[in-house]
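Down below is the structure, laid out as structure tokens.
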Amino acid sequence: MFSLAGCIVDKCPNKALYDRDRCYPHLEDKAEYQNQIRELLARERVFRNLELSGITLEDMELVDKEFWFCNLSHVRFDRIRISHCTFRLTFFDFARLTNFKVKESDARLSVFAGSYLADASFTESEMPQCSFVGIRARDSLFEGLNLYDCRFTNSILEKTRFSDCNVKRVHFQRSKFFQVSFSNTNMEESNLENVEQNE
């Protein structure tokens, strides 16, 4: 898994970033570090155990990359395009994903819990056994996905569409839907217990 080394700042509970000895809030060279990570992501193809909690990534296209056991918690993603990538046990929890597009990728066993999605899309991808627990999504699209055994429990979905998805054993319990639509999905095999649906 990603590094468990702590930030060297006294009493700070955060983890140290990749290639640094302190967390993002305690970095003095934030802009320089973000440029370093942009260059790393552009240059390399396979990433393992990256700890990047809290950074911002903007205006990037990631194609044919692999991320294994990486921590992208609390990262701000804006105008990011991802295609033909692989993610395994990668954490996007409490991230902010705006204008974030994923297509033709494999992101199984990844965690998006607590994240905010706006104008996000996930299309033609394998995403079984992912956690979307407690997300808030608006104006977003899930299309052509295998979402087998995913969790959307306690989420708020607004103006969000599911189309041509496998939702067998997907858990939506206690979620709130506002103008959410499902087309060509096997909803009868998902769990909609205590879902609040609003038009």
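Listing for the model above:
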quantity: Qualifying positions in the stretch 98-110 - touching a Ser or Thr at 6+ places or on another chain (Cβ under 6 Å) and either under 16 Å from Gly54 (Cβ atoms) or outside any strand (DSSP E or B) (or both); calculated: Glu104, Ser105, Ser110
quantity: The stretch 148-199, subset exposed (fewer than 15 other Cβ atoms within 10 Å of the Cβ) and hydroxyl-bearing (Ser, Thr, Tyr), residue farthest from the chain's Cα centre (by Cα); calculated: Ser183
quantity: Test result for Ser125, polar (S, T, N, Q), under 22 Å from Cys70 (Cα atoms) and surrounded by 21 or more Cβ atoms within 10 Å (Cβ to Cβ); calculated: yes
quantity: Residue within the stretch 190-197 that is closer than 15 Å to Gly134 by Cβ, among the β-branched types (Val, Ile, Thr) and not in a strand (DSSP E or B) present; calculated: yes
quantity: Search result, residues across the stretch 122-141 that are in a strand (DSSP E or B) and either of a type in the set (Lys, Arg) or under 11 Å from the mean Cα position of the chain (by Cα) (or both); calculated: Phe122, Ser131, Arg136, Arg138
quantity: Condition met for Val9 (touching a His at 6+ places or on another chain (Cβ under 6 Å), more than 21 Å from Thr123 (Cβ to Cβ) and not acidic (Asp, Glu)); calculated: yes
quantity: Residues (part of a helix (DSSP H, G or I) and surrounded by fewer than 14 Cβ atoms within 10 Å (Cβ to Cβ)) located in the stretch 36-90; calculated: Glu39, Ala42, Arg43
quantity: Pairs where the first residue, in the stretch 71-95, is over 13 Å from Ser125 (Cβ atoms) and the second is part of a strand (DSSP E or B) and small (Gly, Ala, Ser), C-beta under 9 Å, 6+ apart; calculated: Asp93/Ser131
quantity: All positions within the stretch 81-135 that are β-branched (Val, Ile, Thr) and touching an Asp or Glu at 6+ places or on another chain (Cβ under 7 Å); calculated: Thr86, Thr98, Val111, Thr123
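Condition check ((1) free of Cβ contacts under 8 Å to residues at least 40 places away in the same chain; (2) exposed (fewer than 14 other Cβ atoms within 10 Å of the Cβ); (3) assigned to a loop (DSSP other than H, G, I, E, B)) across all residues:
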site	(1), (2), (3)
Asp10	yes, yes, yes
Arg22	yes, no, yes
Glu28	yes, yes, yes
Tyr33	yes, no, no
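Where a number appears in this text, it was derived from the coordinates with a stated rule and is not lab data. Everything quoted here is computed from the prediction, not taken from an experiment. We place every Cβ from the backbone using ideal geometry, glycine too, and count neighbours over all the protein chains shown.
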